[in-house]
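Let me begin by presenting the structure, written as structure tokens, before commenting on it.
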């Protein structure tokens with residue numbers, strides 16, 4: 001029921017992702033969902049969390065919604081992973097309320113794979129924790145590294161810290177303290193990176209607090225959209241450029257697909273006792289299918305178990 | 001002497017900006033600068049601050065450099081404003097050491113005009129203060145508003161706060177506290193904006209701490225460059241798209257000029273007893289000329305005096 005294009009596009013994505021080792025289960029208002037389900041099982045949920053509903057309100061009054069039901073299905077072992085294109089804050093709340101944190105996890109965090117020329121970079125935290133302490137960021141580093149290894153297949157991921165200069169003395173107090181802690185972990189920590197490195201495949205995991213991460217993500221989104229829109233307008237302004245625009249259209253499509261955050265299917269909520277995936281609110285069927293496939297890869301790679309084990313090891317190292 | 005293309009491009013920019021009411025004075029190694037000066041006065045400085053030199057080291061050992069000399073010329077009333085494309089951190093240090101803070105200013109801040117469809121948006125702080133308190137951000141709001149009024153000619157500027165959601169309860173602790181203080185000022189405060197709004201002319205002044213501001217600026221720069229480079233590569237990959245690329249070239253140029261941060265000439269260091277302008281390190285002659293012209297507008301608009309007066313008023317309001 002979640003997302004701007006539900007249920008039709010989300011269900012179509014589930015159908016596209018269905019395979020011998022992947023069985024989608026749909027949660028939502030049965031009469032609305034079933035016409036699209038094409039044989040997929042539908043679990044009825046009376047309620048729906050609106051896209052603009054406050055997470056706290058949803059947690060109090062909407063436990064009967066499909067959004068909370070998918071998380072409960074994971075908590076109760078009926079499903080292996082929850083995927084939703086709905087309200088991000090409410091999904092975070094549902095994950096905490098229904099599934100709960102892994103032992104030893106200070107704060108769950110949102111991991112977002114960003115596209116890069118030589119492969120994705122995982123930004124963590126993308127917005128779950130607006131205020132964070134250095135020890136939280138160290139855990140984000142561990143969780144992001146496990147996610148990069150198991151879900152994205154990156155061996156020995158390079159972990160970096162988002163700052164405002166490469167030198168260790170650059171950054172705010174949080175970053176300078178985190179830098180010292182990260183150096184003392186067993187992670188392959190490569191030091192500070194800057195905002196301009198996020199799409200450059202300079203690191204495999206980039207750690208930051210959720211406020212900085214969310215500002216960076218939305219700034220990136222806005223910047224890319226400004227260029228794309230500006231180019232379309234500039235091209236539309238003259239006959240000659242309009243003809244040129246038609247000729248470059250295939251190239252522009254390739255580029256758009258490359259930069260599309262939906263390539264990697266969304267945001268992964270890590271640090272819970274089960275896996276939760278937040279697909280873009282505007283997800284098309286292709287984006288929903290990618291989100292579901294990567295969610296399944298996370299299950300096969302046993303990301304939750306590996307995060308739990310890594311954090312247990314982490315507690316043994318000086319920065320844990 | 002500062003910037004990647006000094007002295008030639010910087011001096012050419014000074015010559016282009018020269019006018020009946022604008023007299024550039026060049027500071028640098030005389031034998032190097034004079035051949036380009038074309039009649040502009042040259043003040044000899046033995047030393048040069050390197051682009052990668054640490055600000056603290058520069059302040060200890062390079063007071064004889066042109067970078068410190070331009071700030072001293074402002075402090076001593078020989079010049080009205082200092083412009084440099086050199087080392088940003090060192091220029092900040094030189095401004096503090098040679099010119100000094102205005103009375104009542106907690107922290108000087110960097111104001112950066114960003115391009116937008118309906119006019120510029122001033123981001124403040126762009127990186128002078130990695131750690132800041134709510135009362136600092138309130139002062140940034142006042143300084144940014146004065147700059148928007150006097151240097152950019154924006155009457156009654158809309159002042160917003162950079163956060164991760166429009167609702168007042170969104171954001172980190174710093175932002176939530178600042179939000180309450182800004183509401184109590186006499187500023188035309190319009191609430192929170194997000195990263196995606198920075199290039200959208202949604203506000204005239206956007207306030208943030210220097211860490212967040214610097215991450216946002218560099219992320220924006222990286223995102224725009226990724227699209228531009230990606231488009232060039234995608235276009236170059238086929239004959240048809242290459243022809244299309246030639247046809248849209250004028251449109252791409254218009255767009256690039258629109259998005260060029262050099263349109264507004266660089267970064268303005270506010271909160272000192274004199275005005276200092278930091279031009280892009282890669283400044284061309286056109287960018288240097290724009291920086292010098294906007295610096296002159298800041299002098300004519302009496303930005304420093306107006307900031308001093310505004311902060312004195314500000315101390316009378318509840319959030320001052």
**Item:** Set A:85, A:59, A:69, A:73: member being under 25 Å from the mean Cα position of the chain (by Cα), free of Cβ contacts under 8 Å to residues at least 60 places away in the same chain and closer than 20 Å to residue A:294 by Cβ
**Value:** A:73
**Request:** Determine which member of the set B:213, B:281 is more than 8 Å from every other protein chain (Cβ to nearest Cβ), within 15 Å of the chain's Cα centre (by Cα), farther than 20 Å from residue A:243 by Cβ and at pLDDT below 90.
**Result:** B:281
**Request:** Select from segment B:4-18 the residues that are surrounded by fewer than 22 Cβ atoms within 10 Å (Cβ to Cβ) and either modelled with pLDDT under 95 or in contact with a strand residue (DSSP E or B) (Cβ under 7 Å, 6 or more places away or on another chain) (or both) and list them in ascending order.
**Result:** B:4, B:5, B:8, B:9
**Message:** Between A:3, A:13, A:39, which is farther than 30 Å from residue A:313 by Cα, assigned to a loop (DSSP other than H, G, I, E, B) and under 19 Å from the mean Cα position of the chain (by Cα)?
**Reply:** A:3
**Message:** Exactly one condition in (1) within 7 Å of chain B (Cβ to nearest Cβ); (2) surrounded by 24 or more Cβ atoms within 10 Å (Cβ to Cβ); (3) closer than 28 Å to residue B:170 by Cβ is false for residue A:221; which is it?
**Reply:** (2)
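Being within 15 Å of residue A:159 (Cα to Cα) and within 14 Å of chain B (Cβ to nearest Cβ) is the filter; apply it to segment A:117-133 and report the residue that is surrounded by the fewest Cβ atoms within 10 Å (Cβ to Cβ).
A:120
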**Fill in**
Flagged in segment B:301-320 as modelled with pLDDT under 90 and outside any helix (DSSP H, G or I), in numbering order, are B:315, B:316, B:317, B:318, B:319, B:320
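One line per residue, one yes/no per condition, for (1) in contact with a helix residue (DSSP H, G or I) (Cβ under 6 Å, 6 or more places away or on another chain); (2) surrounded by fewer than 24 Cβ atoms within 10 Å (Cβ to Cβ); (3) within 20 Å of residue A:172 (Cβ to Cβ); (4) touching a residue at least 40 places away in the same chain (Cβ under 8 Å):
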| position | (1), (2), (3), (4) |
| --- | --- |
| B:177 | yes, yes, yes, yes |
| B:193 | no, yes, no, no |
| B:196 | yes, yes, no, no |
| B:204 | yes, no, no, yes |
| B:214 | no, no, yes, yes |
| B:217 | no, no, yes, yes |
| B:226 | no, no, no, no |
| B:229 | no, yes, no, no |
| B:233 | no, yes, no, no |
**Asked** Just checking, which of A:256, A:240 is more than 7 Å from chain B (Cβ to nearest Cβ) and surrounded by fewer than 20 Cβ atoms within 10 Å (Cβ to Cβ)?
**Response** A:256
**Fill in**
The residue from A:220, A:231 that alone is closer than 20 Å to residue B:210 by Cβ, part of a helix (DSSP H, G or I) and out of contact with any strand residue (DSSP E or B) (no Cβ under 6 Å at 6 or more places or on another chain) is A:220
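The values are calculated or read from the model by the stated rules, or taken from the named source; none is laboratory data. The structure presented is a predicted model; accordingly, all values stated were derived computationally and were not measured. Glycine also receives a Cβ, built like all others from the backbone with ideal geometry; neighbour counts cover every protein chain displayed.
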